[in-house]
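**Q** Can you keep this structure in mind? I'll have questions shortly.
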Amino acid sequence: MTEEEHYDLCCQIDAALNSWYEMMEQYERLHDDLCRNLKEGFWNMSRARRSGGSQLQLDSSQYNTPTIAIKRLSLVDQTFHVVTIDPSATQPATEDETKSTILAKEWNHFVHQREEEKKYQLGYYWLRDDEKEKGEEEKKPQAVDNAEKAEKRIKLKKQLKTDPIYKFGLLPPPSLRQAQTNFLHSVDIIASISSVRLLMEQKRREWEVLYMQKRHIMQKVLLIAALLGFIVLADAFGGQATYFTPGLGACGHHNTGKDLIAALNAPQWTNGGKCGRRAKVQGPHGTVTVTIVDECPGCKYGDLDLSPTAFSKIAKISDGRVKISWSWV
Amino acid sequence: MAGKLKIKNREGGFLIGVIGDEDTVTGFLLPGVGQVDSKRNKNYFVVSSKTPITEIENAFRAMTTRDDLAVILITQHIAEEIRHLIKDYDKLIPTILEIPSKDHPYDKEKDTVMQKVLRMRGTQ
């Protein structure tokens, strides 16, 4: 994993998080919108109740006949859209074909009956007579008028059939229509909210994948670093060995030339931290394990100043200065 | 790409479920969101002050197992009563949307989904 690739990954993660934040703000805004519309809708409903009086029965018990939902959500490209369904064109969805046709017939018959009931209650038939009279009076635009009225009649018929507002009463007050508009608007907002939710979830998953990738890499990097560190620690030191006449060492002990001791080079001395540590030294002629008792100020990193006895174990005294490799034990 | 969501569109579109008090449900029935099939199965559930919580829970569970709903609208004060069910809910379709009712305004702090979503802000 190169530096560049790592940087790219971090940028991707940041981008995903940013777009997620934007979506969340949009979501909050939409939700506020929704609450506002609902508030208006409720208010209009209260107004309708007051003005409608006893003729208007505004509760869900009016909805006890088989009905099809007109407003539905359809999923296109992972976004929701509100679709309006014409109930006269659809049949109730069932798996069995024969069953569905029977149900459809029943349902249509039922709706038709209900319609007729309503029309009668409305005085719809009387209305039509009224309209007929009016039509006779006006002779000239008679044909046009009749056509218009026929259109209106068809429209009203369709509305009676499909518009659920008529379920609550036959002459809905304008505030009820207003409430209906409010709730219709709310349904649109709900569609947008659901779409945003889906997108948010998608983004979150993308982010999670990227984040996991990054963490995986970080873990790998840490592991490698730890391994390297370990290798370095376990590694042997290389340097030169000399010998000296021990006396009072920097660690505070008296030593003799016969002890298997050594003075540690100044760079590795760490202020007496290595006092008492044992080192296994490999020289050209042998190996010896020594204890650190002193500091060697003039020695370079990796060098050890051994006692004469220790030195003789790994090399000839006459050599004076030999190459060694050693490690802590 | 791993982790990409794919939700299939349903023939005939998804319905919107409503769990709320009388006014909320009626309000959503006005534009034509309500459906009652021949077996009297409704996609809405009216909760009054006398409805026991078990009934609400059953209605909620029934709605969430339906595959023809895309959203379930719940008024917030009813959501409070079945908070334990909503907290454990993690399906994507149908999603749960908390709405205010006539008597109870909307409180952002109590919305489970918002909380879950806001928790992501903390885990950067």
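**Q** For residue A:227, all conditions in the list (1) touching a Gly at 6+ places or on another chain (Cβ under 9 Å); (2) modelled with pLDDT under 90 hold save one; what is the number of the exception?
**A** In the conditions (1) touching a Gly at 6+ places or on another chain (Cβ under 9 Å); (2) modelled with pLDDT under 90, residue A:227 misses (1) alone.
**Q** Can you list the strands (runs of 3 or more DSSP E) found entirely within region B:1-106 that contain at least 2 residues being under 20 Å from residue A:185 (Cβ atoms) and either within 17 Å of the chain's Cα centre (by Cα) or modelled with pLDDT under 85 (or both)?
**A** Numbers: elements: B:15-20, B:44-46, B:69-75, B:95-99.
Output list reads B:15-20, B:69-75, B:95-99.
**Q** Of everything in region B:47-75 that's of a type in the set (A, V, I, L, M) and in contact with an Asp or Glu (Cβ under 7 Å, 6 or more places away or on another chain), which residue is surrounded by the fewest Cβ atoms within 10 Å (Cβ to Cβ)? Give the derivation first.
**A** Just the residues of region B:47-75 that are of a type in the set (A, V, I, L, M), to begin with: B:47, B:53, B:56, B:59, B:62-63, B:69-74.
Still in the running and in contact with an Asp or Glu (Cβ under 7 Å, 6 or more places away or on another chain): B:47, B:53, B:56, B:74.
On the way: B:47: 22, B:53: 11, B:56: 19, B:74: 27.
In this case the residue turns out to be B:53.
**Q** Find the residue count for region B:25-46, including only residues that are surrounded by 24 or more Cβ atoms within 10 Å (Cβ to Cβ) and either more than 8 Å from chain A (Cβ to nearest Cβ) or in contact (Cβ under 8 Å) with a residue 24 or more places away in the chain (or both).
**A** So the answer is 2.
**Q** Here's another thing I want to ask about it. Here are some residues: A:209, A:196. Which one is in a helix (DSSP H, G or I), farther than 18 Å from residue A:71 by Cα and free of Cβ contacts under 8 Å to residues at least 60 places away in the same chain?
**A** Numbers: A:196 fails: free of Cβ contacts under 8 Å to residues at least 60 places away in the same chain.
Answer to the selection: A:209.
**Q** Residue A:244: surrounded by 14 or more Cβ atoms within 10 Å (Cβ to Cβ) and either in contact (Cβ under 8 Å) with a residue 12 or more places away in the chain or among the hydrophobic types (A, V, I, L, M, F, W, C) (or both), yes or no? Break it down into steps so the answer makes sense when it comes.
**A** On the way: surrounded by 14 or more Cβ atoms within 10 Å (Cβ to Cβ): yes; either in contact (Cβ under 8 Å) with a residue 12 or more places away in the chain or among the hydrophobic types (A, V, I, L, M, F, W, C) (or both): yes.
Here the answer is yes, as residue A:244 does meet what is asked.
**Q** From the list A:293, A:288, pick out the single residue that is without any contact (Cβ under 8 Å) to a residue 60 or more places away in the chain, more than 20 Å from residue A:322 (Cβ to Cβ) and in the same structural domain as residue A:311 (by the TED database).
**A** On the way: A:288 fails: more than 20 Å from residue A:322 (Cβ to Cβ).
Result: A:293 is the single residue among A:293, A:288 that is without any contact (Cβ under 8 Å) to a residue 60 or more places away in the chain, more than 20 Å from residue A:322 (Cβ to Cβ) and in the same structural domain as residue A:311 (by the TED database).
The values are calculated or read from the model by the stated rules, or taken from the named source; none is laboratory data. Just so it is clear, the model here is predicted, and its values are computed rather than measured. Counting neighbours? That spans all protein chains shown, and the Cβs are built from the backbone with ideal geometry, glycine included.
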